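**Q** Following this message is one structure expressed as structure tokens.
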Amino acid sequence: MPRGLSRDDSCEHAAFSGPDAESAFTDAKTRLLQLRIQEREGTLIALDEALVHLDAVIGLFRTLLGGLPARCTRDLQVRRTMETAIDQMLNECADEAARRAKECSRVRDGAASSRNGTLEDDGEDNFS
């Protein structure tokens, strides 16, 4: 059973009693079950795992894009112009990625702080 809530808690935990608490408890357990099912089905992966794959693909893309000027022309001036343009575009993409990561971090931090004092997952399926 998740730490923090128990159906057998005494009156000292009055904040966790009543129909609203039971409903919140049931909703949280249902959500946890849905997430675990999605993970087992392969439709949900951990953020860290997704980021590892994304980093690998982006790294390959950057490497291949870096070789594009040499594949397109032998003219060194044109190559330099292309390299400069590619670098500028990659820097703009990196800046946008950093901005979005910061935004996601704020959203995650806000969601985590709003969960304080609620159900904690003990890693076990207890849906009875």
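The values are calculated or read from the model by the stated rules, or taken from the named source; none is laboratory data. These numbers come from a predicted model, not from an experiment. So basically every Cβ, Gly included, is an ideal-geometry build from the backbone, and we count neighbours across all protein chains shown.
**Q** Give me the pairs: first residue in segment 86-108 and within 19 Å of ALA50 (Cβ to Cβ) and in the same structural domain as LEU64 (by TED's automatic domain parsing), second residue at pLDDT 90 or above and not aromatic (Phe, Trp, Tyr), beta-carbon distance under 9 Å, and six or more apart or on different chains, which are they?
**A** So the pair list comes out as CYS93/ILE58; ALA97/ILE58.
**Q** Might you check whether a residue that is polar (S, T, N, Q) and modelled with pLDDT of 80 or more occurs anywhere in segment 92-110?
**A** Yes, that holds for at least one residue.
**Q** In segment 50-90, what residues are out of contact with any Cys (no Cβ under 9 Å at 6 or more places or on another chain), basic (Lys, Arg) and more than 21 Å from ALA101 (Cβ to Cβ)?
**A** Answer for segment 50-90, where residues must be out of contact with any Cys (no Cβ under 9 Å at 6 or more places or on another chain), basic (Lys, Arg) and more than 21 Å from ALA101 (Cβ to Cβ): ARG71, ARG74, ARG80.
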